[in-house]
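Values in this text are rule-based calculations from the coordinates and carry no lab data. This one's a predicted model, so the numbers in the text were calculated from it and none came from an experiment. Positions of Cβ are generated from backbone atoms using ideal geometry, with glycine treated the same way; all protein chains shown enter the neighbour counts.
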Amino acid sequence: MDILNYIDGELVPAESGSWLDNYDPSIGKVYSRIPDSGPADVEKAVSAAKKAFPGWSTCGIQERYRILNRIADLIGANQRELAEAESRDSGKAIRTSSSVDIPRAEANIRFFATAILHFGSESHHMEGEAINYTLRQPIGVVGCISPWNLPLYLFTWKIAPALAAGNCVVAKPSELTPMTAFLFSRLCQEAGLPPGVLNIVHGLGPKAGQAIVEHPDTKAISFTGGTATGKHLAATAAPMFKKLSLELGGKNPNLVFADCDLDKAIATTVHSSFGNNGQICLCGSRIYIQRPVYEQFRDELVRRAEKLTVGNPFDEKTKLGALVSKQHREKVLSYVQLAREEGGTVLTGGETVNPGGEFSEGYYMRPTVIEGLPNSCRTNQEEIFGPVVTLQPFDTEEEALELANSVKYGLSSTIWTNDIHRATRLAEKIEAGIVWINCWMVRDLRTPFGGIKNSGVGREGGFEALRFFTEPKNVCIKY
Ligand code: NAD
């Protein structure tokens, strides 16, 4: 099957005519191909977006709402097909793609379709002298670049606020998981999105992605991906004075205090550790447990991890499908090896899984729990982004806080305690963009979303995203 670029309303191959293989990670085989796009394709996409901008930015919020809402309806109507495509493309279990990825993609579009109807700006009154009001105008052509771990979910999370605010978009999904963005482009055609308003260019990051970031007419870049890529992107975009939103990596702590509801903490920690094979930027990978409950927590987490079914992503009973690629599984396994060299004990997992039959060449591995590592070692400091967690005991609240803040990342964190004072005290001091107390992955789309330190710059979500995708202009009227 050929995946095609979506440029100026048409589905087209790359200008060069070259293609890249696209793998099905569940069987480890090529099953489709994507355009190997480059600067010439990005040029076409940007010029289509520029042509579409005057119409889209002035058609009115009701019209933008109507079309975006129609796209959301079509995602809803095609949920099963999209969920199956997402699982085939990324290896994730169908229960995840059908309950998380695709419903959330629909919610993203619907949320921003309606958010724009409620979005306002400020005015500042200077008594007796003048009044200032702020215009919030769309920026123009913007670039949106997304990763492979939550493909349509994160793709729509970016493009929806950009489009709702009246911008025209040149977007690139990950080359590892391009399929649902391609299916999405067909839904945009069906919904009547005017040509050029959204353009999707497929291909490699350093080639197609780089061309989007470098293009002088993409005025803002919204990027989600790895910290090293984000750094490179910022170095390219900053001298061109582009607006930048960077959602980067994480190494998130879970703090488990002895006074918490341990059963709930363990059940949720299974999800926060191994959900989507640990390939969610918000997964908690460093688990710090207060000493009195350390053994109990550890033994129960290991017992439950061992019960998780790994294999055929299309079986509704499967909890963990395949990792996204052979290279990624090798990277994750190399961290397990590193953990052993650093003195850790692998309590469970650490090895590949062969589900047999047609899935025997897929990229599966067992959920892995490691203990006995010093906090400063690489395994505890670097993002692994797989089904691997480490456990460490702590004694006091101060020690827990120090451990939580001891990495260069600052994306999310989870605190398990029944002491509300402790919880709020820690929430103030933890270096993270999101603090979950006695829960994980509870998401309200109106809240600011993003990280601090090496986890990124800027916030997505709610009106924050609409502010990012608009340029404020102060107008002052003298009485
Ligand atoms: P990645 O950085 O390798 O790629 C992300 C996207 O950037 C892809 O579309 C890729 O093609 C593109 N890209 C690569 N090089 C580029 C370049 N030079 N110019 C422009 N674009 C380029 O990341 P990944 O491996 O796809 O995703 C995993 C990473 O994403 C993890 O670090 C994870 O923590 C992070 N992530 C962060 C969040 C968040 O909200 N903070 C959410 C999901 C994933």
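Think of the stretch 400-479 as a dipole: +1 on every Lys or Arg Cβ, -1 on every Asp or Glu Cβ, centred on the Cα centre; then among Ala400, Thr414, Pro472, Pro472 lies furthest on the positive end. Beta bridges from DSSP with both residues in the chain: antiparallel share about 45 percent, rounded to the nearest 5. Using the Cα gyration tensor of the chain, with a ≥ b ≥ c the square roots of its eigenvalues, what is the shape: rounded (a/c below 1.5), prolate (a/b larger than b/c) or oblate (neither)? Oblate is the answer for the chain, as a/c is 1.5 or above yet b/c matches or exceeds a/b. For the stretch 31-41, 3J(HN,Hα) computed residue by residue from phi via the Karplus equation (6.51, -1.76, 1.60; θ = phi - 60°) reads 10, 7, 9, 10, x, 8, 6, x, x, 5, 6 Hz, glycine and proline entered as x.
Could you give the length gained on full extension between Thr58 and Arg378, defined as 0.36 nm per residue of separation minus the Cα-Cα distance, in nm? Don't skip to the answer; put the middle values down first.
Working: separation 320, 0.36 × 320 = 115.20 nm, distance 5.15 nm.
That pair, Thr58 and Arg378, stretches by 110.0 nm at full extension.
Each of His215, His421, His202, His124 has some number of other Cβ atoms within 10 Å of its Cβ, and from fewest to most they run His421, His124, His215, His202.
In the chain, the longest principal axis of the Cα atoms and the axis of helix 151-164 are about 30 degrees apart.
Using only alpha carbons, the stretch 1-87 has a radius of gyration to Kirkwood radius ratio (Rg to Rh) of 1.06.
Report the charge-dipole magnitude of the chain in Debye, nearest 20, computed about the Cα centre from +1 at each Lys and Arg Cβ and -1 at each Asp and Glu Cβ. Before the final figure, lay out the partial values.
Working: 50 positive and 55 negative charges, 141 e Å.
That gives a dipole near 680 debye.
Annotation: amide H of Phe394 within the under-5 Å range of Ile289, Gln290, Arg291, sequence separation 5 or more or interchain, hydrogens built in the peptide plane. In plain terms, the chain from Lys478 to Ala258 could stretch by 73.0 nm, reckoned as 0.36 nm per residue minus the Cα-Cα distance. Among Asp419, Asp41, the order by Cβ neighbours within 10 angstrom, fewest to most, reads Asp419, Asp41. From the alpha carbon centroid of the stretch 1-72 to that of the stretch 433-479 is 27 Å. Among the GluC sites (Glu not before Pro) within the stretch 39-141, those in coil by DSSP and having at most 10 neighbouring Cβ atoms inside 10 Å are Glu122, Glu127, Glu129.
For the chain, what does the relative contact order come out to in percent, with C-alpha contacts under 8 Å and a separation of six or more? Show your work: numbers first, answer last.
Numbers: 1115 pairs, mean separation 92.9, N = 479.
It rounds to 19 percent for the chain.
Which whole-number percent is the relative contact order of the stretch 252-445 (Cα, under 8 Å, 6+ apart)?
Numbers: 363 pairs, mean separation 55.1, N = 194.
Answer for the stretch 252-445 is 28 percent.
Take the Cα of Ser99, step 7 Å toward its Cβ, do the same at Val30, and the gap between the two points is 3.6 nm.
All other residues whose Cβ lies under 15 angstrom from that of Glu397 are scored, Lys and Arg at +1 and Asp and Glu at -1, for a net of -3. Beyond 21 Å in Cα-Cα separation lie the following of the pairs Lys29/Lys92; Lys207/Lys453; Lys251/Lys429: Lys207/Lys453.
Extension gain, Glu341-His232: 0.36 nm per intervening residue step, less the Cα-Cα distance, totals 36.1 nm.
Treating only the Cβ of Lys, Arg, Asp and Glu as charged (+1, +1, -1, -1), what charge dipole size does the stretch 112-257 show about its Cα centre? Round to the nearest 20 debye. Write out the running numbers ahead of the final one.
Numbers: 10 positive and 8 negative charges, 97 e Å.
Dipole size: approximately 460 debye.
Backbone geometry of the stretch 362-370 corresponds, through the Karplus equation with coefficients 6.51, -1.76 and 1.60 at θ = phi - 60°, to 3J(HN,Hα) couplings of x, 9, 9, 8, 7, x, 10, 10, 10 Hz, x marking Gly and Pro. Between the amide H of Ala171 and those of Cys144, Asn199, Ile200, Val201, distances stay under 5 Å, these residues lying 5 or more places away or on another chain, with hydrogens modeled in the peptide plane.
Can you sort Ile434, Ile415 by how many other beta carbons sit within 10 Å, fewest first? Before the final figure, lay out the partial values.
Details: Ile434 23, Ile415 26.
If I rank by nearby Cβ atoms, fewest first, I get Ile434, Ile415.
The residues packed around Pro448, meaning those with a beta-carbon under 11 Å from its beta-carbon, carry a net charge of 0 if Lys and Arg are +1 and Asp and Glu are -1.
Cα centroids of the stretch 291-335 and the stretch 349-396: 7 Å apart.
Within the set of other residues whose C-beta is less than 12 Å from the C-beta of Ser406, count the net charge using Lys and Arg as +1 and Asp and Glu as -1.
Working: positive: Lys251, Arg286, Lys408, Lys453; negative: Glu399, Glu402, Glu431.
Net of charged neighbours comes to +1.
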